[in-house]
Amino acid sequence: MSNGKAQFATRAVHSDTPDPGTGAHITPIYQTSTYAYGSFDRGAGLFDRSEQGFVYSRVGNPTTHKLELVMADLEGAEAAVAFSSGMAAISALTVSVLSSGDHVLVLGPLYGGTESLFEDTLARFGITSSHVTEAELEEALARGAAMLYLETPTNPTLQIRDLARIGRLAREHGVLSVADNTFSTPWLTRPLEHGIDVVVHSGTKYLGGHGDAMGGIVAGSTELMGQVRLEGLRHFGGTPGPLESHLFLRGIKTLPIRMERHCENAAALAGVLESHPAVARVHYPGLRSHPGHEVAARQMKAFGGMVSIELRGGRDAARTFLDSLRVFTQAVSLGDVASLATHPATTTHSVVPVEVRERLGVSESLVRLSVGIEDVRDLEGDLARALGAVEAVHAHAA
């Protein structure tokens with residue numbers, strides 16, 4: 001079903017239309033590496049792209065192609081390209097569009113792996129980057145850049161970026177804008193509708209939703225996605241398997257109802273955490289105390305399933321809190337139906353230099369919570385028990 005007038009939830013369920021070859025209601029898993037093209041001339045046409053079709057699963061597979069069509073539809077993009085992980089998607093995009101001498105502006109903080117890609121890996125090839133604030137953005141764009149990169153919301157501090165303003169400024173200065181939409185998913189926010197040029201996802205998170213598949217997505221214009229497929233996918237080979245593509249297609253069907261529960265639970269927990277004496281600060285855009293609340297309310301359907309907290313007592317408090325959890329699982333990643341908790345400074349952002357982490361607000365006291373779809377009463381009880389352990393340690397030390 002590709003009815004642009006249908007609502008998001010309907011498209012999420014029905015965009016995986018029956019397989020044209022077999023009539024299968026769910027797109028089959030095409031477990032093949034290569035495809036017979038039948039004749040010399042057709043083979044030549046497929047390779048010079050004068051004919052359309054599949055030739056080799058590194059650059060295209062029917063199951064994966066359906067995932068790409070679905071994600072392009074849900075993000076409001078002309079086209080999309082799927083990858084084997086979120087970092088494969090981000091890396092492929094950057095090597096496809098950036099050249100030695102180019103400069104990237106970063107509205108951070110970003111996921112630690114992305115930070116390291118810009119700061120270390122790309123720098124070795126003459127591609128430089130610098131962090132800017134939204135207040136500095138217009139002046140920085142005027143000085144020249146090839147790409148502007150941001151997350152919405154940011155990982156792990158959950159800052160909110162004004163996508164409409166950012167997209168407008170980037171286009172006025174001819175700079176390609178890229179938004180990592182992993183935390184929001186297209187159910188909450190569609191950056192292209194706000195003027196952003198390219199969207200990337202770690203599909204491993206909410207799109208799959210069940211912690212059992214790795215994948216990534218890049219979505220944007222047909223022309224740019226053709227370049228990303230030709231250079232970023234064909235040359236670097238970060239191709240998803242057809243089984244993973246099938247799992248993402250399955251996960252996307254329940255994305256709207258899962259996100260509703262994630263958001264409801266996260267909002268309830270954020271309100272409880274904000275008043276707890278062991279918590280110094282809660283980062284959640286749904287709270288009126290959040291500096292980006294008004295912008296979030298304007299550009300998000302709801303406020304997401306991620307909550308970050310700063311505990312009183314630094315790393316020791318974070319250790320006590322995390323080791324006392326029983327329902328939340330200590331693990332990296334996010335977007336699972338099960339609740340996860342991690343300490344970014346020693347896990348997801350450990351590759352970022354300490355001084356940079358501190359400047360970006362990734363402190364030793366910060367804990368990131370990926371709120372699942374369990375009964376919120378059990379989640380509240382788990383957090384209360386862990387925070388009680390933190391208070392007990394503080395009382396003993398005093």
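The values are calculated or read from the model by the stated rules, or taken from the named source; none is laboratory data. Please read all numbers here as calculations on a predicted model, not as lab measurements. A quick note on method: Cβ atoms are made from the backbone with ideal geometry, for glycine too, and the neighbour counts reach across all protein chains shown.
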* Filter pass, Glu51 being surrounded by fewer than 18 Cβ atoms within 10 Å (Cβ to Cβ) and under 25 Å from Leu230 (Cβ atoms) -> yes
* Structure fact -> Among Val307, Val327, the single one that is among the β-branched types (Val, Ile, Thr), in contact with a strand residue (DSSP E or B) (Cβ under 9 Å, 6 or more places away or on another chain), touching a residue at least 12 places away in the same chain (Cβ under 8 Å) and within 28 Å of Gly208 (Cα to Cα) is Val307
* Scan of the stretch 209-232 for residues that are of a type in the set (D, E, K, R) and outside any loop (DSSP other than H, G, I, E, B), ordered by number -> Glu223, Arg229, Glu231
* Residue list for the stretch 26-69, restricted to those being hydroxyl-bearing (Ser, Thr, Tyr), part of a loop (DSSP other than H, G, I, E, B) and free of Cβ contacts under 8 Å to residues at least 24 places away in the same chain -> Tyr35, Tyr37, Ser39, Ser50
* Quick one: how many residues across the stretch 166-208 are in contact with a His (Cβ under 9 Å, 6 or more places away or on another chain) and outside any helix (DSSP H, G or I)? -> 6
* **Any pair with Cβ under 8 angstrom, 6 or more apart, that starts in the stretch 177-190 at a residue that is outside the structural domain of Arg298 (by TED's automatic domain parsing) and without any contact (Cβ under 8 Å) to a residue 40 or more places away in the chain and ends at one that is among the acidic types (Asp, Glu) and in a loop (DSSP other than H, G, I, E, B)** => Ser177/Asp197
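Does Val132 count as more than 28 Å from Leu207 (Cβ to Cβ), buried (at least 16 other Cβ atoms within 10 Å of the Cβ) and of a type in the set (Val, Ile, Thr)? Spell out the reasoning first.
Working: more than 28 Å from Leu207 (Cβ to Cβ): yes; buried (at least 16 other Cβ atoms within 10 Å of the Cβ): yes; of a type in the set (Val, Ile, Thr): yes.
Judged against the criteria, Val132 is a match.
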* Residue in the stretch 286-328 that is nearest to His394 (Cα to Cα), counting only those that are over 20 Å from the mean Cα position of the chain (by Cα) and among the polar types (S, T, N, Q) -> Thr320
* To do: Could you name every one of the strands (runs of 3 or more DSSP E) located completely within the stretch 73-154 that has at least 1 residues being over 24 Å from Arg359 (Cα atoms)?
  => 79-83
* Could you please find all residues in the stretch 355-384 being without any contact (Cβ under 8 Å) to a residue 60 or more places away in the chain, outside any helix (DSSP H, G or I), charged (D, E, K, R) and closer than 21 Å to Leu269 by Cβ? => Asp375
* **Subset of the stretch 269-286 [in contact with a Gly (Cβ under 7 Å, 6 or more places away or on another chain) and farther than 19 Å from Gly388 by Cβ]** => Pro285
* Structure fact -> Here the residues within the stretch 334-354 that are surrounded by 18 or more Cβ atoms within 10 Å (Cβ to Cβ) and either outside the structural domain of Pro277 (by TED's automatic domain parsing) or touching a residue at least 40 places away in the same chain (Cβ under 8 Å) (or both) are Leu334, Gly335, Asp336, Ser339, Pro344, Thr348, His349, Val352
* Structure fact -> Subset of the stretch 54-85, residues surrounded by 21 or more Cβ atoms within 10 Å (Cβ to Cβ) and of a type in the set (A, V, I, L, M, F, W, C), comes to Leu67, Val70, Met71, Ala72, Leu74, Ala77, Ala80, Val81, Ala82, Phe83
